[in-house]
Amino acid sequence: MNEDIWIIIPAYNEEKNIGKVIDKTKEYVKNIIVADDGSRDDTARIAKEKDVIVLKHIVNLGKGAVLKTGCEYALKKGAKIIIAIDADGQHDPAEIPKFIDAIKEDNDIVFGYREFTKEMPFVLKIGNLFINGVSSLLFGIKIKDTQCGYRAFTADAYKNIKWEAQDYYVESEMIINAGKKKLKYKEVPIQTIYQDRYKGTIFIDGIKIVLKMIGWKITRW
């Protein structure tokens, strides 16, 4: 297995899923980091028993913060390619080779996108379409699924997309930075899997994301 590829799994209270996600991820990549964002359950303990690197925040800071913790550690260890995959089982590790192949096609960043099927809850479908549209309108960046966290990027690309967001806005800020820096990107389709039909970017998160994008456009673009 390629020593230059590192998987980051941001996790918060995922004791029911983290073990299975790790086991399947190990089939494709050796270097795995579980970045535990202050879980109050046995997420960290289970991950340690699986013999992967576990980085644990003392308190819950948000997905953006814990993903950055994982990325910074991986880079210090010599990572050349970083792949982010969710801990809740909504991202199938079997699709990791798809991201690796796309990165090796000389892309800086690869975005996964979920097909809009009947499995996707209606409220999430509408929310994603709205955020996708605002992102395209404000920044001219046409991404099919701006809120999908299944992504891969090179070490050099990370330096250009490095985000300030601590929460779910990390997904949008990463895209905005990639567009601003004119990075080469590709989108790859992934399975639509929902273990919890109402987990993820909820309505209030969507409103916050759109407001932040507008503020970014006004003050920084």
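Hey, does region 39-47 have a residue that's under 14 Å from the mean Cα position of the chain (by Cα), surrounded by 16 or more Cβ atoms within 10 Å (Cβ to Cβ), small (Gly, Ala, Ser) and not in a helix (DSSP H, G or I)? Please lay out each step first, then the result.
Within region 39-47, the subset under 14 Å from the mean Cα position of the chain (by Cα) is none.
Taking every residue of region 39-47 in turn, none turns out to be under 14 Å from the mean Cα position of the chain (by Cα), surrounded by 16 or more Cβ atoms within 10 Å (Cβ to Cβ), small (Gly, Ala, Ser) and not in a helix (DSSP H, G or I).
Is one or more of the residues making up region 21-36 modelled with pLDDT of 95 or more, charged (D, E, K, R) and over 30 Å from Asp101 (Cβ atoms)? Break it down into steps so the answer makes sense when it comes.
We begin by selecting, within region 21-36, every residue modelled with pLDDT of 95 or more; these are 21-36.
Now drop any that are not charged (D, E, K, R), which leaves 23-24, 26-27, 30, 36.
From the residues that got through so far, the ones that are over 30 Å from Asp101 (Cβ atoms) too are none.
Among the residues of region 21-36, not one is modelled with pLDDT of 95 or more, charged (D, E, K, R) and over 30 Å from Asp101 (Cβ atoms), which makes the answer no.
Could you please give the count of residues in region 27-45 that are out of contact with any Leu (no Cβ under 7 Å at 6 or more places or on another chain) and more than 13 Å from Asn13 (Cβ to Cβ)?
6
If Phe111 satisfies all but one of (1) in contact (Cβ under 8 Å) with a residue 40 or more places away in the chain; (2) within 28 Å of Ile141 (Cβ to Cβ); (3) in contact with a Leu (Cβ under 9 Å, 6 or more places away or on another chain), what's the number of the condition it fails?
(3)
Any residue in region 26-51 that is aromatic (Phe, Trp, Tyr) sitting within a Cβ distance under 8 Å of a residue that is surrounded by fewer than 19 Cβ atoms within 10 Å (Cβ to Cβ) and in a loop (DSSP other than H, G, I, E, B)? List the pairs, counting only those 6 or more apart or interchain.
Pairs found: Tyr28/Met1.
Filter region 1-31 down to the residues that are under 22 Å from Cys148 (Cβ atoms) and either among the polar types (S, T, N, Q) or surrounded by fewer than 24 Cβ atoms within 10 Å (Cβ to Cβ) (or both) and list them by number.
To start, the set of residues in region 1-31 that are under 22 Å from Cys148 (Cβ atoms) comprises 5-14, 16-18, 20-22, 24-25, 27-29.
Correct list: Ile5, Tyr12, Asn13, Lys16, Asn17, Lys20, Ile22, Lys24, Thr25, Glu27, Tyr28, Val29.
Among the numbered criteria (1) touching a helix residue (DSSP H, G or I) at 6+ places or on another chain (Cβ under 8 Å); (2) free of Cβ contacts under 8 Å to residues at least 40 places away in the same chain; (3) not in a helix (DSSP H, G or I); (4) not hydroxyl-bearing (Ser, Thr, Tyr), which one does Ile82 miss?
Among (1) touching a helix residue (DSSP H, G or I) at 6+ places or on another chain (Cβ under 8 Å); (2) free of Cβ contacts under 8 Å to residues at least 40 places away in the same chain; (3) not in a helix (DSSP H, G or I); (4) not hydroxyl-bearing (Ser, Thr, Tyr), the lone unmet condition for Ile82 is (2).
The values are calculated or read from the model by the stated rules, or taken from the named source; none is laboratory data. Just so we're clear, the structure is a prediction, and the values are computed from it rather than from any experiment. Glycine also receives a Cβ, built like all others from the backbone with ideal geometry; neighbour counts cover every protein chain displayed.
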